[in-house]
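A short reminder: the numbers here are calculations on the coordinates, not readings from a lab. All values reported here derive from a predicted model rather than from experimental measurement. Backbone-built Cβ (ideal geometry, glycine too); neighbour counts: all protein chains shown.
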Amino acid sequence: MNRWYILWGFVLLSWFGTAAFGQGTGRIDRETVVSRHNPHLQSVDTMSAFTVGNGHFAFTVDVTGLQTFPKAYSNGMPLGTMSDWGWHSFPNVNGYKPEETWVSKNFGNARSSELYAAEFREEGRQRDAANYLRQNPHRLHLGCVGLNLPDISRVSAVNQHLDMWNGLIDSRFNYDGRPFHVQTVCSPAADLIASKVETKGKVEVVFRVPYPTGRHSDDACDWDPQKPQTLTMERHRSFAWLTVRIDDTAYQVRIGWNGKADIRQSDSHTVVLSGKNDLDFSVWFVDGVYNVRSLERRDYVYEGWKRRTARREVQFDSPRYKPADIPNRTADSRDFRLVQSEAESFWHSYWKEGGIVDFSHVADSRAKELERRVVLSQYLLAVNDGGDMPPQETGLTYNSWYGKFHLEMIWWHQAQFALWGHPDILERSLNWYFYAAHNASEIAIRQEFDGLRWMKMTDPWAGEAPSNVGSYLIWQQPHIIYLAELLYRAQKSELGRNRITSKFMGLIDETALFMNSFASFDQENNRYVLKGCIPAQETLKADSTLNPPLELSYWYWGLRKAKEWRLRTGNFPIAAWDQVTDKLPPLACSADSLYLAAESAPDTYSNIRYTSDHPAVLGALGMLPKSRLVDKKVMRRTLDWVMKNWNWDKTWGWDYPMTAMCAARLGCPDKAVDALLMPCRTNTYLLNGHNCQDQRLRVYLPGNGGLLTAVAMMLAGWDGSEGTNPGFPADWDVRWEGLLPMP
């Protein structure tokens, strides 16, 4: 289904259906709730860049409403132009292969050896191979679109708004006293931005293509003019087609305009569009190289591009764009008003169709800030996380971890879409798992396990990034079971539920087969255990960790849920799964009845290594429902200790909602609210709504996604919860519509 159909599907849904009602005496005025949190900027602030996008593509702008000052923002909120499809690899001139990074491990299981993709400290080919494979491929910055204004210090009289209800950035400012008014929107159906610049006198819009940096976390822009990117232009009456080639990567850009203007290429990576007074233009970024006249797709000449394109099309059944989906390529520009109208339709449907929460009737002074975070997170996740594959931590705003995405984080990004009435967005990203299954099977086979072992740090082609931590993580394994279950529960008809079970049953079966084979039988104690892994609390080591609490509970829940799915689809249960779940041990306790970071960490509460990083023990009864492995009284004591004593300066943005979910399930709503709004560095939410961690990670979307998941749970409840808004204090009169409860 192409994105034009998706757009109008949103509109039809808004006509024929309404969101489920929650608490309150009448319909919530959704536009009022959203609009009262539109961020407003009145001075230059490089940490407050705003973004427009459609989930597959995002365009982040500076104070001018475009990307005029990318260097000034590079150490603040970088000005990204990023997409699902825009990826790049530096040429592999040394022919590095994944198997050069493999190391053999034996964790005392029945398997003879397990081959893991590792990093290396000693100089040599193995280290070089690991570094290359971690760095490549990386997400690509597709190009900066900005005004030709050289000095940010000459900008004054700033008045910039992000209109989330309509998907519009409205920017007013003076440059050397000259007033500008710039409006910017993004098409919901194509990777296209449109802008209208109003001023008096000459206007120049500059399109610049950077070379990739390949660094761990940065704006992905190397502006060295000697770098080997090339740009060629084909000029037409009111538009131009640009072909960009960066090593083995190629794409096209269509720049169109209305009225009188001129376009010229000034160097190998720069094009300038010139007009006078008002300038209405659009910039469309196109995946792959197309024949402009025939509208037929053709692969780029490099073999690497052909190979990658072929694999991606297996995943998604067909190219993202077919000729029928593409606006007339030889017509005049798609003007600003048309794109603005399309964006408004899309965003109105998004806000009206999904969940909404109104905190305005709550007396607690913290409620306004919580509502602000919720609304801005809904917008940011739709813009950054709504694509065809799992998102990276920094979404489509800028690169982190070389632009790759992390499968253990997909739960924190995407679970909220099902709970907030947008299961179609969640399902879109889960389709990637079908494509990745082949590589996941190969990992399991080389490590002598059954089924599918999902990689941790990966890319669109399901490569496994070598890592001395990530290669040993296991808590990403049950995520596909949990997220598929949310999709199942979000369906409104038996037909929809049958479709989901039929679609995902194979993935769930194969994932459970791995989980079953990973559990080791401890004959001496007649039990199954989890070992040879690094848990979510990554300060623990693979060779010594035994029975980490979140993973143990997740194994129990995941295998039981996989059995339930088999029964739903008329398949016989697998007896071996019951054998494992029946003999998984309860979570390990300390002498003073607090849950340990792992059974192998008896000194948890006297060793700072075990009280830093994620307090993952709380996820065993936060993300997950009550099970026989967890004693609520012990977990309550553990929650109290963690909230008072944990090293919160060494945590991450999703730790706060995880703590809140645990508190809610334990019947401690006051503590749940306290956790969501804990005044800690990594629980900071900027003016634009981004959960900021530190100077390296100014954007951290798992924090935003976790916030939405926790709030949905605290309001709509969870299986077995009772009462109204069970996760909030009784005096919090929170009103909501369209939320679903958690398992």
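Quick notes on this one:
- By the helix-only formula, in which each DSSP H run with n ≥ 4 contributes -39500 (n - 2.57) and the sum is divided by residues, the chain has a 222 nm mean residue ellipticity of -10000 deg cm²/dmol.
- Label-zone membership for segment 644-673, site Glu538, 7 angstrom Cα→C-beta point, backbone N under 20 Å: 647-659
- Phi-based couplings in Hz for segment 550-558 (Karplus 6.51, -1.76, 1.60; Gly and Pro marked x): 5, 5, 4, 5, 5, 4, 4, 5, x
- Sum of side-chain charges, Ile500 neighbourhood, beta-carbon under 13 Å (Lys, Arg +1; Asp, Glu -1): +2
- Counted over segment 360-480 with a bin width of 10 Å, the fraction of Cα pairs per bin, in whole percents, is 12, 40, 28, 13, 5, 1.
- A cut-off of 5 Å between modelled amide H atoms, ignoring neighbours fewer than 5 places along the same chain, links Leu540 with no other residue.
- Percentage relative contact order, segment 403-479, counting C-alpha pairs under 8 Å, at least six apart: 35
- Under the criterion of Cα pairs below 8 Å and six or more residues apart, the relative contact order for the chain equals 14 percent.
- Gain in span if fully extended, Asp128 to Arg366, counting 0.36 nm per residue against the direct Cα distance: 80.7 nm
- Using a cut-off of 25 Å between Cα atoms, the listed pairs Lys200/Lys260; Lys456/Lys644; Lys227/Lys260; Lys561/Lys626 include Lys456/Lys644; Lys227/Lys260 as exceeding that distance.
- Charge sum, other residues only, whose C-beta stays under 13 Å from Glu510's C-beta, Lys/Arg counted +1 and Asp/Glu -1: -1
- Rounded to whole numbers, the Karplus 3J(HN,Hα) couplings from phi for segment 181-198 are 10, 10, 10, 9, 9, 10, 5, x, 10, 8, 7, 9, 10, 10, 9, 10, 10, 10 Hz, using 6.51 cos²θ - 1.76 cosθ + 1.60 with θ = phi - 60°, and x at Gly and Pro.
- The Cα center of segment 666-683 and the Cα center of segment 356-412 differ in position by 17 Å.
- Length gained on full extension, Ser104 to Ser43, computed as 0.36 nm times the residue gap minus the Cα-Cα distance: 16.4 nm.
- Spin-label model distance (nm) - Ile445 vs Ser593, 7 Å beyond Cα toward Cβ: 5.2
- Proximal charge balance of Gln392 [Cβ under 10 Å; K/R count +1, D/E count -1]: -1
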